[in-house]
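Working notes for the structure below.
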Amino acid sequence: MKTAGIRAGPGGVGPAAPIQHPSGAATTETQDEEHPVSTGKGIDTQQATHLAADDDQPPAEASADTGGFKPDAELPAASALGAFLEAPPSGTPPEVVEALTLMAGDPADPLPPRLYFETVEQSPVAISVTDAKANILYANAAFEVLTGYDRHEVLGKNQSILSSNATPESIYQQLWRTIQRKRPWTGVLINRRKDGEDYLAELTISPVLDAAGRIRYFLGMHRDVTREHELSVALRQQKTRIETVLDAAPVVVVLLDTDGRIILDNQEYKKLLGDLRGREPLALLRSALQQQAGFDPLERAAAGEGFRDVEISIEVPGNAGPRWLSCSGTAVNESDSSLSGYFIRGDAGDQRLLLLANDITGRRREIERAHLENLRARLAEQQLAQGMREALTAASYQLQVPLNMIRAASGMFKDGTGNPALFADMLGQITQAGETALATLHAAMPTQVPEAGVNVNVNELLRHVLALETDNLLAAGIVVDWQPALVLPELSGHKNELRSLFKHLIDNALQALYEGGGSQRALRLATRALDDAVEVIVEDNGPGIPSGLRLKVFEPFHIGWRNRRGRAGMGLALAQEIVNQHDGAIEIDPDYRDGCRVRVTLGNVRARD
């Protein structure tokens, strides 16, 4: 409370004013030489005499029925005062009679006058009384504790002794304007204690009027609200931080009550609202979860349940395709904010739903694009294989002619009936037929379209190949240990050729695991960054490759499998060619004994001639 911090105006605030007695009567005494304020507690001498009479009574004689006070009628001073008031001497001023009457109190009143003083003195709120110029006349014990001043240090001093320069002058001006209009003022000032420490004071100042309605005194009550202010500032700062984080989050965040009303949202939600051209995103998200995921998010929240990473799609005007969102919901139990819930926790009616929606459209499109690229690669491989089958069929057909002629010539020579001239002619026909077959074979070979070099992420390409091989891996009961490097530099390379490289290596590992026949089949893929290249490891726990064949397996048409059907023996030969194009190397680790480990080093792709 702040009677502390009151400062008198430049021209003063007028003459001293009377005080309103707690009983309601007003005294017309003025604070001047004839009525000095001289006691240590800021009360006049007559009151001090009366109170001293109370203080002289031994504690054992105090009446328990009056809270420790003896009724005024039982005190000698009170009896003398009563006799005086019954027949005041002639010429006694009326003001004195009125003041003594107020001090004596009403014998029928169960609350003795001293109780009012003790109530103020023992109040836990800092209370002070000043004259009309803000000079302190009284301060209670709580005032001493709060300000650090003993009351004898402040009596007669102006309330400005507690003022701090941190309070704007406009606050004091508004304060004085209010109390000079005889109205109470309540506000906050920055006060200073005796030790120089500032504190925030919540202050109420009330003018005390005399019987004529003039201001005689000011009653001030104030308390320290520094801690409340610090907590309030901390709460605002925390709220600002949370709002900043929510608005900066690249995901839609919305908090809902049980009726689906929005309590809180962030900038991403408002952005989605704009993209939907005014349509409420919440209605679309809720409908999509009901139709595509089969549940109502609000019902889940009401039951105290959440959900995670549920993918849905919504149609957004102007988009080439649907917008995909990964939704998660968390049930939040808020405390009951009503008065009836002050002492108890909130019930199920206070359940909230925190709904998050992350836009995964780009990721979905990238997956779809990768699937399309893989589909194109498969189709290209199929077309290549089909072209090669057709070429080989045509070549084998045309090779029958020279072979038949060679057989005929061989039979003639065996019979001894061969004519050299005729044989020479047959050799010419054989040569011509062979060249025709070879030309037909070359013409039937499919033309390879050069692939442009682009920046590629080896981890991403390996993930694509693993996704394509998932069905085969699951069917074979193979456990995949995927250990990609956390950070991997991009290389300049041919995406489709690198995919083919990894597919050849994984297919070889799968075949080795099939033929090994082990009960526990494992495939390990790992990547790591080198100085100017990337290393890829493909490792299986199959039968391995004998040391004598570790170089031969890279030769064209070499087939080392027991099941040779449908295999041309070109997988590792093509893999080596792709690695060479990317300025790398491929080898079978000779030190690995638990199967086969292939190490591939890839650099930037070489420019084509």
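The values are calculated or read from the model by the stated rules, or taken from the named source; none is laboratory data. Owing to the predicted nature of the structure, the values given are computational and were not obtained by experimental measurement. For neighbour counting, all protein chains shown are included, and Cβ atoms are generated from backbone atoms with ideal geometry for every residue, glycine included. Side chains included, ligands, DNA and RNA excluded: accessible areas come from the protein's heavy atoms. Shrake-Rupley method; radii C 1.70, N 1.55, O 1.52, S 1.80 Å.
All but one of (1) more than 36 Å from the chain's Cα centre (by Cα); (2) open to solvent by less than 70 Å² (accessible area, probe 1.4 Å); (3) at pLDDT 85 or above hold for Glu451, so report the exception by its number. If we test Glu451 against (1) more than 36 Å from the chain's Cα centre (by Cα); (2) open to solvent by less than 70 Å² (accessible area, probe 1.4 Å); (3) at pLDDT 85 or above, just (3) comes out false. If you go through segment 175-202 and keep only what is in a strand (DSSP E or B) and among the hydrophobic types (A, V, I, L, M, F, W, C), you end up with Trp185, Val188, Leu189, Ile190, Leu200, Ala201. Quickly run through segment 203-222 and pick out the residues that are farther than 15 Å from Gln159 by Cα and assigned to a strand (DSSP E or B). Across segment 203-222, the qualifying residues are Val208, Leu209, Ile215, Arg216. Condition test on Asp507, is it out of contact with any helix residue (DSSP H, G or I) (no Cβ under 7 Å at 6 or more places or on another chain) and either modelled with pLDDT under 90 or under 15 Å from Leu461 (Cα atoms) (or both)? Taking the combined requirement at face value, the residue does not satisfy it. Within segment 313-325, being open to solvent by less than 50 Å² (accessible area, probe 1.4 Å) and more than 14 Å from Arg365 (Cα to Cα) holds for Ile314, Val316.
Of all residues in segment 334-361, those that are under 17 Å from Asp275 (Cβ atoms) and either modelled with pLDDT under 75 or out of contact with any Cys (no Cβ under 9 Å at 6 or more places or on another chain) (or both) total 3. Among the residues of segment 147-157, are any under 18 Å from His222 (Cβ atoms) and open to solvent by less than 20 Å² (accessible area, probe 1.4 Å)? Yes, segment 147-157 contains at least one residue that is under 18 Å from His222 (Cβ atoms) and open to solvent by less than 20 Å² (accessible area, probe 1.4 Å).
Could you tell me whether Asp275 is without any contact (Cβ under 8 Å) to a residue 40 or more places away in the chain and open to solvent by 40 Å² or more (accessible area, probe 1.4 Å)? Criteria not met by Asp275. Selection of segment 167-186 for residues being closer than 25 Å to Arg227 by Cα, open to solvent by less than 60 Å² (accessible area, probe 1.4 Å) and without any contact (Cβ under 8 Å) to a residue 40 or more places away in the chain yields Ile171, Trp185.
Listed by position, the strands (runs of 3 or more DSSP E) contained in segment 472-548 that have at least 3 residues being surrounded by 19 or more Cβ atoms within 10 Å (Cβ to Cβ) are 521-529, 534-540.
The residues listed here are Arg378, Arg364; of these, the one that is basic (Lys, Arg) and modelled with pLDDT under 75 is Arg378. Scanning segment 210-223 for residues that are under 50 Å from the mean Cα position of the chain (by Cα) and open to solvent by 50 Å² or more (accessible area, probe 1.4 Å), we see that the one that is farthest from Ser123 (Cα to Cα) is Leu219. For first residues located in segment 307-333 and on the phi > 0 side of the Ramachandran plot and at pLDDT 90 or above, partners that are open to solvent by less than 30 Å² (accessible area, probe 1.4 Å) and part of a strand (DSSP E or B) and lie 6+ apart or on another chain with Cβ distances below 8 Å form the pairs Asp309/Ser326; Asp309/Cys327; Asp309/Ser328. Are any residues in segment 141-158 within 20 Å of Glu202 (Cβ to Cβ), modelled with pLDDT under 95 and part of a loop (DSSP other than H, G, I, E, B), and if so, which ones? Once the filter is applied, which keeps residues that are within 20 Å of Glu202 (Cβ to Cβ), modelled with pLDDT under 95 and part of a loop (DSSP other than H, G, I, E, B), segment 141-158 yields nothing.
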